[in-house]
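Undergrad: Below you will find the structure I want to go over with you.
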Amino acid sequence: MTPVVDRTAVPSGTADSGRPPVVVATGLSKWYGHVLGVSDIAWTVRGGIIGLLGPNGAGKSTLIKLMAGLIRPSRGQLRIHGQDPFADRDVRRRIGYAPEHESAWDELTALELVTAMAELAGVARPAAEPAAKDALAQMGMTDAMHRRVKGFSKGMRQRTKLATAIAHRPDFLLLDEPLTGVDPIARAEIVARIRELAVGGATVVVSSHVLYEIEALTSEIAVIYRGQVLAEGNVYEIRRLIDRHPHRIRIECDRPRILAAALAAAEHVARIEITDHGLLVETREPDRCYDELAATVLEHSLVVSTLSSPDNNLSAVFDYLTASARGDAP
Amino acid sequence: MSMTAAILTIARITLVRLRRGRALWVGGLIAALPVLFAVAIRLSGGGQSPRETLFGLMQLVLAVMPGLFVASAVGEDIEDRTIAYLWARPVPRGAVLLGKWLALAPIVTLVVLASWSLTEVVGPRGAPSPASLLGLGLGALAACAVGGGLGTIVPRHGMAVSIVYLLFFDLILGAMPVSLANLSVSHHARLIGYEETMALSGVGWLVGLGALWLVIGLRRMRKLEA
């Protein structure tokens, strides 16, 4: 499959090119028998929070497992801090991984589980329990830390899982669908905590198939679909790259037909749809369209109540890129 | 993290999980069967049970326990993907198998020996012989290695496959000509523990078979993906 975006033209998901790369993948592929996991991925991550966005089955979990050292690449090379995460155990001390699945050792209490995981990540035994308590507190689990995981709700399991990922203070976090099943209050807490970790210097890769989850965390994304990274970078930069395709602008105003008539003559306007309260304009030159729109509004003294571009939302980018990959893009 | 530290940590966690799980209770009930059988025969006025029958019952216990404890513990972690928590950390992959074996094999051995000792107390001899304790003890350790190895090969059905292997295949192997019988854990456990012969070579074979199955499991662990 050919990437729909010229990725060489897109700044890295973390454009801070002065920092040494945390992740370097070159020609990275993984098959499960005849089933493709990821294919020929070239990707560099230098820091910050990077959202790994894609539908279910796109290859997000496979890519995360490769980075966590859980599976071996079928082809290509992957380096985390310059080391092979599958072969070099030491680099995994720097990785915090929260898997997508909910399975855990249910017989243990949250504190026992997180303490054990901290120990196994290399934290000295006397320091492991305080580290676990701290991690659980950060995830809002202090009150439940002496309860067995067996009785936990999905949200509590997610938070415990995240605590196991951060207890040993890794500088590279891999969080596979970390917000799934979490209630809105806990979601906000977790999002805030992940941001704090990034501000503290950790590099965080977060996967999700839910767009607003990623939006809440970062604007730096990598879109993955059918095992390939289709695009990466700031969502607005990606938007610019796909601006050769119609860009939608939604306008709600008191006299939409006047506005439609003024814009209809413009050659950059591909389509105009008049709705109950306004119109939806598709243009190939957004900047020019915005200028003309402003001029028309002023000229006719129109009252504009809403002006928005659905395409500035991640979902539009995601829909566009995945549609292109399927070959049915506009 | 060193191999030793990882093995000890995993062993400790395994024991905590075992203490809170059901396997210990189920295993205890199974191990009580030979004792109850011996007691029942004695109370019913049938005199003392033939030692061969009692030892045969112990061998059945020996065939079931490694599957119930070791194979299921190893297989469940792989099948439930909880092993991802371990392998995403700087833990040597082999430490998972060795840690579980180190925690569970002595428990299985103690339960088997306790069961046999009580059975012998109410049985024909009145007390277990050192040879029988050696045979069953080493047999339990080796059988647990078989269970661990099979747990890595067929994680989804580790317990069932381990029980079937030790209950049928291993016993059939033991009835084969000597060259093949030497590959049977139950054969050597019986030679040492019941017939009380060939102690040294039998000990060597049991240690060797246990080590072989652990190596098979360790090699399998290195190839597995979570």
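The values are calculated or read from the model by the stated rules, or taken from the named source; none is laboratory data. Computed from a predicted model, the values in this text were never measured in an experiment. Note that we place each Cβ from the backbone using ideal geometry, even for glycine, and neighbour counts take in every protein chain shown.
Undergrad: Filter the range B:60-88 down to residues that are surrounded by 24 or more Cβ atoms within 10 Å (Cβ to Cβ), within 11 Å of another protein chain (Cβ to nearest Cβ) and of a type outside the set (A, V, I, L, M, F, W, C), then give me how many there are.
TA: So the answer is 2.
Undergrad: What is the number of the single condition among (1) at pLDDT 90 or above; (2) not in a loop (DSSP other than H, G, I, E, B) that residue A:155 does not meet?
TA: That leaves (1) as the condition not met.
Undergrad: Is there a residue being of a type outside the set (D, E, K, R), surrounded by fewer than 20 Cβ atoms within 10 Å (Cβ to Cβ), within 19 Å of the chain's Cα centre (by Cα) and not in a loop (DSSP other than H, G, I, E, B) anywhere in the range A:42-51?
TA: yes
Undergrad: Name the pairs: first residue in the range B:146-171 and on the phi > 0 side of the Ramachandran plot, second residue at pLDDT below 95 and assigned to a helix (DSSP H, G or I), Cβ to Cβ under 8 Å, at least 6 apart or on different chains?
TA: none
Undergrad: Suppose the filter is within 14 Å of chain A (Cβ to nearest Cβ) and buried (at least 17 other Cβ atoms within 10 Å of the Cβ); does residue B:145 pass it?
TA: Criteria not met by residue B:145.
Undergrad: So, in the range A:95-138, exactly how many residues are buried (at least 22 other Cβ atoms within 10 Å of the Cβ), more than 7 Å from chain B (Cβ to nearest Cβ) and not hydrophobic (A, V, I, L, M, F, W, C)?
TA: Going through the range A:95-138 one residue at a time, the tally reaches 2.
Undergrad: I've got another one for you. How many residues does the range B:121-133 contain that are touching a Gly at 6+ places or on another chain (Cβ under 7 Å) and buried (at least 19 other Cβ atoms within 10 Å of the Cβ)?
TA: Count: 1.
Undergrad: Next up: Which one of A:60, A:30 is surrounded by 16 or more Cβ atoms within 10 Å (Cβ to Cβ), within 14 Å of chain B (Cβ to nearest Cβ) and not small (Gly, Ala, Ser)?
TA: Exactly one residue qualifies, and that residue is A:30.
Undergrad: Give the residues of the range B:186-211 that are among the hydrophobic types (A, V, I, L, M, F, W, C), without any contact (Cβ under 8 Å) to a residue 60 or more places away in the chain and assigned to a helix (DSSP H, G or I), sorted by residue number.
TA: Of everything in the range B:186-211, those that are among the hydrophobic types (A, V, I, L, M, F, W, C), without any contact (Cβ under 8 Å) to a residue 60 or more places away in the chain and assigned to a helix (DSSP H, G or I) turn out to be B:191, B:200, B:205.
Undergrad: Now a separate question. Take residue B:91 and decide whether it is buried (at least 23 other Cβ atoms within 10 Å of the Cβ), away from chain A (no Cβ under 13 Å) and among the β-branched types (Val, Ile, Thr).
TA: When the stated conditions are applied, residue B:91 does not pass them.
Undergrad: A further question follows. If you scan the range B:180-218, which residues turn out to be of a type outside the set (Gly, Ala, Ser) and in contact with a Phe, Trp or Tyr (Cβ under 8 Å, 6 or more places away or on another chain)?
TA: B:182, B:188, B:190, B:194, B:214
Undergrad: How about the range A:63-94: which of its residues are among the aliphatic types (A, V, I, L, M), at the interface with another protein chain (Cβ under 9 Å from one of its Cβ atoms) and over 26 Å from residue B:76 (Cβ atoms)?
TA: Answer for the range A:63-94, where residues must be among the aliphatic types (A, V, I, L, M), at the interface with another protein chain (Cβ under 9 Å from one of its Cβ atoms) and over 26 Å from residue B:76 (Cβ atoms): just A:91.
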